[in-house]
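Undergrad: Shown below is the structure under consideration.
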Amino acid sequence: MRDVLELKIMFVVCGEALFDVFATGTTPTGLGLDARIGGSPFNVAVGLKRLEQRVAFMGGVSRGFLGERLLQAFRDEGVEETCVHRLDAPTTLSLVGVDGHGVPSYSFYGAGCADRLLPLTALDTLPADTQAIHFGSYAMVVAPTADAQRALVAREHTHRVIAYDPNVRLNVEPNLQVWRDTLDWMSHRTHLLKVSDEDLGLLYPGTPHAELAARWRSAGVAMVVITRGGDGATGYAAEGEVPVAPVQVEVIDTVGAGDTFQAAMLTALAERGVLSVAALPHISAEVWRTVLSFAAQAAAITCSRRGADLPRRHELA
């Protein structure tokens, strides 16, 4: 697949980069905490770079020491900072605790944080050679970042590929209708829509996946991909359904699996030279099957290791 297109296209990933903070136990004076860089868009950006794609991250990042650590992570991975917007605002923290029975609890500290404050002026930093833009997670539903990202979608969707993964986070925005309205708006401007069956169970309980996919394809989506965890994935394209079986692997955890799938799917399309507004509606079922199988293989690698440790290109056939 890599021989098909040697010239790397430019991706831009929009959204949040934050810290997941885990409680590690009590100390004589309080609690031990372990802060780890996270955020679905952060993972997608890193995943694309590890798969040898050119990628920049667009999002608000704090000027404080936590923001500096986020930037260092991008630099270490090779993700371009062209579209990063530095702000005098805190960094979002997602606190994860576990009770005596092993049940996790989550507390989200994000109000007024940098990832929610992306201004419209940030849109002017989009590289001229950008060919595909990925959006996802809660940055699409919290203002003013959501407003800036919608403005970018509205401006660019006729000539650049728009990819979207809702990645619902109810601990940030508990109103399901907000997520539904956003998905509806995006479906008229998105070329590649990936959504998990878990998210669909929240947003449209009881509605058949094929019915939802048909609705979004009628709105203009070229390809709808519904991932089903250990049951694989199904694509809904012009030629019909494209089922892909899961890759058998010993699962350590599933953190970052969906983000890996998205990055790998975009990579496979780019390597075949078909990641364009004009080409996507005409991709055959056979090619889609290959692309989705590649993405499933990448996601399986992530599931086989601890945390969101996304694979590099040499690990994939």
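The values are calculated or read from the model by the stated rules, or taken from the named source; none is laboratory data. Predicted model, so just to flag it, every value in this text is computed and none were measured. Don't worry about glycine lacking a Cβ; one is built from the backbone with ideal geometry, like all the others, and counts go over all protein chains shown.
Undergrad: Given (1) assigned to a strand (DSSP E or B); (2) within 25 Å of Q262 (Cα to Cα), where does L95 come up short, assuming only one miss?
TA: Unmet condition: (2).
Undergrad: Considering the range 281-292 alone, what residues qualify as being closer than 23 Å to G229 by Cβ and in contact with a helix residue (DSSP H, G or I) (Cβ under 9 Å, 6 or more places away or on another chain)?
TA: Looking only at the range 281-292, we keep the residues that are closer than 23 Å to G229 by Cβ, and these are 285, 288-292.
T290, V291, L292 - these are the residues of the range 281-292 that are closer than 23 Å to G229 by Cβ and in contact with a helix residue (DSSP H, G or I) (Cβ under 9 Å, 6 or more places away or on another chain).
Undergrad: Restricting the first residue to the range 241-270 and requiring it to be of a type in the set (S, T, Y), which pairs with a second residue that is part of a loop (DSSP other than H, G, I, E, B) meet a Cβ separation below 6 Å and a spacing of at least six or different chains?
TA: T260/L310; T267/L51; T267/Q53
Undergrad: Just checking, how many residues over the range 179-214 are under 19 Å from A148 (Cβ atoms), among the charged types (D, E, K, R) and surrounded by 14 or more Cβ atoms within 10 Å (Cβ to Cβ)? It would help to see each step written out before you state the result.
TA: Just the residues of the range 179-214 that are under 19 Å from A148 (Cβ atoms), to begin with: 179, 181-183, 185-186, 188-190.
With among the charged types (D, E, K, R) added as a condition, the list becomes 181, 189.
From the residues that got through so far, the ones that are surrounded by 14 or more Cβ atoms within 10 Å (Cβ to Cβ) too are 189.
The total comes to 1.
Undergrad: In the range 229-259, how many residues are touching a strand residue (DSSP E or B) at 6+ places or on another chain (Cβ under 7 Å) and either part of a loop (DSSP other than H, G, I, E, B) or under 24 Å from S284 (Cβ atoms) (or both)? Explain how you work it out, then say what you get.
TA: Within the range 229-259, the subset touching a strand residue (DSSP E or B) at 6+ places or on another chain (Cβ under 7 Å) is 232-237, 241-244, 258.
Next, only the ones that are either part of a loop (DSSP other than H, G, I, E, B) or under 24 Å from S284 (Cβ atoms) (or both) stay: 232-237, 241-244.
Final tally of qualifying residues: 10.
Undergrad: Determine whether A295 is assigned to a helix (DSSP H, G or I) and either among the aliphatic types (A, V, I, L, M) or within 16 Å of the chain's Cα centre (by Cα) (or both).
TA: It is true that A295 is assigned to a helix (DSSP H, G or I) and either among the aliphatic types (A, V, I, L, M) or within 16 Å of the chain's Cα centre (by Cα) (or both).
Undergrad: Filter the range 31-70 for residues that are free of Cβ contacts under 8 Å to residues at least 24 places away in the same chain, not hydrophobic (A, V, I, L, M, F, W, C) and not in a helix (DSSP H, G or I) and give the result.
TA: G32, D34
Undergrad: In the set G78, G97, G112, which member is modelled with pLDDT of 95 or more and over 17 Å from V13 (Cα atoms)?
TA: None of the others qualify; the one that does is G112.
Undergrad: If I filter the range 169-190 for residues that are modelled with pLDDT under 95 and within 25 Å of M265 (Cα to Cα), do I get at least one hit?
TA: Yes, some residue in the range 169-190 is modelled with pLDDT under 95 and within 25 Å of M265 (Cα to Cα).
Undergrad: Further, regarding this structure: Within the range 109-134, take every residue that is touching a Leu at 6+ places or on another chain (Cβ under 8 Å) and outside any loop (DSSP other than H, G, I, E, B) and give me the one that is surrounded by the fewest Cβ atoms within 10 Å (Cβ to Cβ).
TA: Y109
Undergrad: To continue, here is another question. Which of (1) closer than 21 Å to G47 by Cβ; (2) at pLDDT 95 or above does G230 not meet, given it meets every other one?
TA: Here G230 clears every test but (2).
Undergrad: For the range 137-156: of the residues being out of contact with any helix residue (DSSP H, G or I) (no Cβ under 8 Å at 6 or more places or on another chain) and without any contact (Cβ under 8 Å) to a residue 60 or more places away in the chain, which is surrounded by the most Cβ atoms within 10 Å (Cβ to Cβ)?
TA: E156
Undergrad: Then there's this: With farther than 25 Å from T130 by Cα and in a helix (DSSP H, G or I) as the only criterion, which of A210, A317 stands out?
TA: Numbers: A317 fails: in a helix (DSSP H, G or I).
One residue alone meets the criteria, A210.
Undergrad: Evaluate the following for R86: is it in a strand (DSSP E or B), of a type in the set (K, R) and either under 24 Å from T260 (Cα atoms) or out of contact with any Pro (no Cβ under 7 Å at 6 or more places or on another chain) (or both)? Walk me through how you get there before you give the answer.
TA: Details: in a strand (DSSP E or B): yes; of a type in the set (K, R): yes; either under 24 Å from T260 (Cα atoms) or out of contact with any Pro (no Cβ under 7 Å at 6 or more places or on another chain) (or both): yes.
Yes: the conditions hold for R86.
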